Structures are given as structure tokens and as C-alpha cells.
Amino acid sequence: MRRKLRMGMVGGGRDAFIGAVHRHAATLDGEIELIAGAFSADPKKSRLSGRDLLLDPARVYGSYVEMAASEAALPNDKRIDFVSIVTPNHMHFPVAEIFLKAGFNVVCDKPMTYSLAEARKLRTLVKRSGKVFALTHNYTGYPMVKEGRELVKKGRLGEIRKIVVEYSQDWLSTLLESTGQKQADWRTDPKRSGVAGCIGDIGSHAENLARYMTGLRIDSLCSDLTTFVPGRKLDDDGNILIRYKGGARGVLIASQISPGEENNLVIRIHGSKAGLEWSQQNPETLIIKYAGAPAKILRRGHGYLGKTANGNTRLPPGHPEGFIEGFANIYKEAAKAIREEVGGRKVKAHDYPDVEDGVYGMAFIETTVKSSTAKQKWIKFPRVWNLSQNRR
């Protein structure tokens, strides 16, 4: 199929943050074009957003329900190939549901749904539909994260003993939501965000990154969630101890009230032979550490890296890549699967987070909240994992 994939978007209109990120990332490699959207729950704002994006007014809709029905009624050579969902969390499931049932592939921002119950329902819908479902846990798209993952898989670190992952920010150090700031407003609202604030927003990224790089699954966890800012309805800080299946231990820290921290996602993986460290604020570098020996510094773009890392880089060494490119790598891999599905071919395994990652992530969020509020602090992780046919 020698054409660009046709993308629609729900959410991401004027004043949105993540919608523009998705649009830049999806179109970065010239494989995808945005042609339609329902960009806001407000029909007028949706139309204005479509005008900003220079779209055909006939393909800018007043609601996602109208969009799904209208796009499904178009001939195959005109309709969208997939929809990207960039709404607040509480709308992920209903939007995904209606588009899957209308016969469209789906790319969805994280966390996948509002609740674990919705996540389980969505997994069933995806399997029944036979459509591609990708979840944009963007940090798995970074080349040096992929290099670290390959080193773990090859046993270069030995047996994994401990994982320490931290994601700290400061943007919610005050009651920002009281000012009407859009991003703070919905992320701290339990009716739109879900049962967790900080843990759902960024703690879920930290958990997903640790699982992606090590392949380890949680056996049980003990969490302490706190709401430090008076008047806030959801947690803004979390500290979690983790016991992994197989015996490894973990510490996960997530905070949005830590002054001076911008977007500080850092992971350290300690094995019996070596350890590694990667930081989102210095994403070009992967540090391999040894006991009693000098550390080894690996840099993105060099020939000594593996095929996976170099297959997900676009620029020579010294020309920084980062946040947008991480998203773009997920879109690039999802696009391969979508091309296969649209072309009537068998969808092969590709390297993008899928519906199983979404279910697991929602189980992590809800188990963390349960542990923090229960008398029994160590909570067994629920059995939610199924191996996906698309899992690499």
C-alpha cells in the first residue's frame, strides 16, 4: 500500500498540550497525514481547531459520535485508517469503543482507560474487532531505552536484582487547578482523571518503563500516596515498594510537588553483573555501571549500538533527539501494523505498547491506590496479563 495512512483525531484542539505532540510525532516520518477530527466537546471550538490545522471543514466534526458514523460511511479510499485519541482519561473508553465498533484502528494516549473494569472491556473489544490498538507510552520509544532493554534481554546485566525508577515534577506544587489552568484542572479531577492523580499521570509511565526494559511483572506492592497541596482531590506524591515475580525488588517514586524538578524520569536497573542508568532529561546517554570498574557510556546514533536502537534514530550523533521522536517511534511501529490490517494481511509483531500494556497499567494504578488506603499494605497484584499476538 503505497500511500500515506489517513489519521483522524479526537481531542487535542485549541489550548490542548498532548494533541499537538501527537500530530507532530505521527507526521514526522511522512507516513501519516491528519485529515479529520473532532477536536473538542464544544462543536464551535472543534471547527476552529480544524481551521487552525487547515483541514477540510467537511471532515471536522462536532462530536466523536458524528465523526465515527460519518467516516464509516465514506468509501474505503476516503475514510480514515485510524483514530488517535487524545482526550482526558474518562473519554478514552467510549471513544475507542465507538471507533472499534465502526471498524477503525486506534491509537490512544495513556493511561488507557478511566478504570481497570473499562480496560478489561476494551481488551475484549480489541480482540473481537481484529483491529490494531496502540498505546502511547512514549518513553518506550527512546532509542537508548531500547538499547537498555536489549542489554537486559541478552543477559549483559546478569540476574536483575533491583529496579529504582523515579518520575518527579514540580508543576503541581501549588493549587494550580484553582486558576482554571486546563491541564491541571482535568488531571486533578477524579471525575475525569480516575482514582489517582500523580500515580495515574506519571507513575504509570514509570511502571511501564521499568516493565518494558526488564520484562519483569509485579508480584505485590506496598504504596504510600499523599496529597500535599490543601484542597486537591487526588494524590500529588507517591512512594511505592515493589516485589517482582522471580525475586527482584523495586522502588518507584512519583511526585508532582518537588520544587526544581521539571520532567525528571530516571531509571536504574541493578543486576548481578552490571547496572544501567537512563534519564529522560539526558536521553542520548545510557550508562552501564560495574562494581570496581569504570562505567561505560553509550551514546545514541553510534554504530556500536544494536539494530533496534539504531533503527529508531533519525539523526547522526550529536544532533539531539527526544520527546517528539519517542512518540514518533511508537507511531512508526503502529503504522506498520495498521498498514498490514488495512491491506488485509496478517498483523505481525511490532514494537509498540498495546492493549495488554493498557490493562496492566490500569491494574497498577488501582492496586497502588488500594494499597495506600488498606490496612494491609502489601497487596497482591491481580492476574491481568495475557500475551498479545502483537507483542514483540
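The values are calculated or read from the model by the stated rules, or taken from the named source; none is laboratory data. These numbers come from a predicted model, not from an experiment. Note: ideal-geometry Cβ built from the backbone for every residue, glycine included; neighbour counts use all protein chains shown.
Using the structure shown, decide if Leu315 is closer than 23 Å to Gly250 by Cβ, of a type in the set (A, V, I, L, M, F, W, C) and at pLDDT 95 or above.
Considered against the rule, which asks whether it is closer than 23 Å to Gly250 by Cβ, of a type in the set (A, V, I, L, M, F, W, C) and at pLDDT 95 or above, Leu315 comes out as no.
Within the range 334-353, take every residue that is over 15 Å from Asp81 (Cβ atoms) and in contact with a helix residue (DSSP H, G or I) (Cβ under 8 Å, 6 or more places away or on another chain) and give me the one that is surrounded by the fewest Cβ atoms within 10 Å (Cβ to Cβ).
Step one: filter the range 334-353 for residues over 15 Å from Asp81 (Cβ atoms), giving 346, 348-353.
Next cut, in contact with a helix residue (DSSP H, G or I) (Cβ under 8 Å, 6 or more places away or on another chain) only: 346, 348, 350-353.
Numbers: Lys346: 7, Lys348: 11, His350: 20, Asp351: 21, Tyr352: 27, Pro353: 30.
It comes out as Lys346.
Do you know which residues across the range 178-192 are surrounded by 22 or more Cβ atoms within 10 Å (Cβ to Cβ) and not in a loop (DSSP other than H, G, I, E, B)? First the steps, then the outcome.
Filtering the range 178-192 for residues surrounded by 22 or more Cβ atoms within 10 Å (Cβ to Cβ) gives 187-188.
Within the range 178-192, just Arg187 meets the criteria.
Do the conditions hold for Pro259, that is, is it surrounded by fewer than 24 Cβ atoms within 10 Å (Cβ to Cβ), touching a Phe, Trp or Tyr at 6+ places or on another chain (Cβ under 6 Å) and either more than 25 Å from Thr367 (Cβ to Cβ) or among the acidic types (Asp, Glu) (or both)?
Details: surrounded by fewer than 24 Cβ atoms within 10 Å (Cβ to Cβ): yes; touching a Phe, Trp or Tyr at 6+ places or on another chain (Cβ under 6 Å): no; either more than 25 Å from Thr367 (Cβ to Cβ) or among the acidic types (Asp, Glu) (or both): yes.
Taking the combined requirement at face value, the residue does not satisfy it.
Could you identify the single residue in Ser40, Ser84 that is over 24 Å from Arg339 (Cα atoms), crowded, with 21+ Cβ neighbours inside 10 Å, at pLDDT 95 or above and not aliphatic (A, V, I, L, M)? Talk me through it step by step, then tell me what you get.
Values: Ser84 fails: over 24 Å from Arg339 (Cα atoms).
Of Ser40, Ser84, the one residue that is over 24 Å from Arg339 (Cα atoms), crowded, with 21+ Cβ neighbours inside 10 Å, at pLDDT 95 or above and not aliphatic (A, V, I, L, M) is Ser40.
Please go through the range 302-340 and pick out each residue that is under 17 Å from Asn105 (Cβ atoms) and either assigned to a loop (DSSP other than H, G, I, E, B) or of a type outside the set (Phe, Trp, Tyr) (or both).
The answer is Ile330, Lys332, Glu333, Ala334, Ala335, Lys336, Ala337, Ile338, Arg339, Glu340.
Those residues that are within 13 Å of Arg192 (Cα to Cα) and either in contact with a helix residue (DSSP H, G or I) (Cβ under 6 Å, 6 or more places away or on another chain) or assigned to a strand (DSSP E or B) (or both), I need them from the range 87-109; list them, please.
Residues satisfying the conditions are Pro88, Asn89, His90, Phe93.
I'm trying to understand the selection: among the residues of the range 70-86, which are over 22 Å from Phe327 (Cα atoms), touching a Phe, Trp or Tyr at 6+ places or on another chain (Cβ under 9 Å) and in a loop (DSSP other than H, G, I, E, B)? Show your work before the answer.
Taking the range 70-86 and keeping what is over 22 Å from Phe327 (Cα atoms), we get 70-79.
Within this subset, residues satisfying the condition of being touching a Phe, Trp or Tyr at 6+ places or on another chain (Cβ under 9 Å) are 70-72, 79.
Of everything in the range 70-86, just one residue is over 22 Å from Phe327 (Cα atoms), touching a Phe, Trp or Tyr at 6+ places or on another chain (Cβ under 9 Å) and in a loop (DSSP other than H, G, I, E, B), namely Arg79.
Could you tell me whether the range 113-123 includes any residue that is crowded, with 22+ Cβ neighbours inside 10 Å, modelled with pLDDT of 95 or more, of a type in the set (A, V, I, L, M, F, W, C) and within 15 Å of Ala134 (Cα to Cα)?
Yes; the residues of the range 113-123 include at least one that is crowded, with 22+ Cβ neighbours inside 10 Å, modelled with pLDDT of 95 or more, of a type in the set (A, V, I, L, M, F, W, C) and within 15 Å of Ala134 (Cα to Cα).
Only one residue in Ile257, Ile267 is touching a helix residue (DSSP H, G or I) at 6+ places or on another chain (Cβ under 7 Å), in the same structural domain as Asp201 (by TED's automatic domain parsing) and among the β-branched types (Val, Ile, Thr), so which one is that? Full working, then the answer.
Values: Ile257 fails: touching a helix residue (DSSP H, G or I) at 6+ places or on another chain (Cβ under 7 Å).
Being touching a helix residue (DSSP H, G or I) at 6+ places or on another chain (Cβ under 7 Å), in the same structural domain as Asp201 (by TED's automatic domain parsing) and among the β-branched types (Val, Ile, Thr) holds for just one of Ile257, Ile267, which is Ile267.
Sort out which residues of the range 14-58 are part of a strand (DSSP E or B) and charged (D, E, K, R), and write them in order of number. Steps first, answer last, please.
Filtering the range 14-58 down to residues part of a strand (DSSP E or B) leaves 32-38.
Of everything in the range 14-58, just one residue is part of a strand (DSSP E or B) and charged (D, E, K, R), namely Glu33.
If Asp357 meets every condition in (1) buried (at least 21 other Cβ atoms within 10 Å of the Cβ); (2) in the same structural domain as Asp219 (by TED's automatic domain parsing); (3) acidic (Asp, Glu) apart from one, which number is that one?
Result: Asp357 passes all but (2).
Any idea which residue in the range 215-269 is farthest from Arg161 (Cα to Cα), counting only those that are of a type in the set (Gly, Ala, Ser) and part of a loop (DSSP other than H, G, I, E, B)? Steps first, please.
Filtering the range 215-269 for residues of a type in the set (Gly, Ala, Ser) gives 215, 220, 223, 231, 238, 246-248, 250, 254-255, 258, 260.
Next, from what is left, pick out any that are part of a loop (DSSP other than H, G, I, E, B): 215, 231, 246-248, 258, 260.
Details: Gly215: 13, Gly231: 40, Gly246: 9, Gly247: 7, Ala248: 4, Ser258: 28, Gly260: 31 Å.
Here the answer is Gly231.
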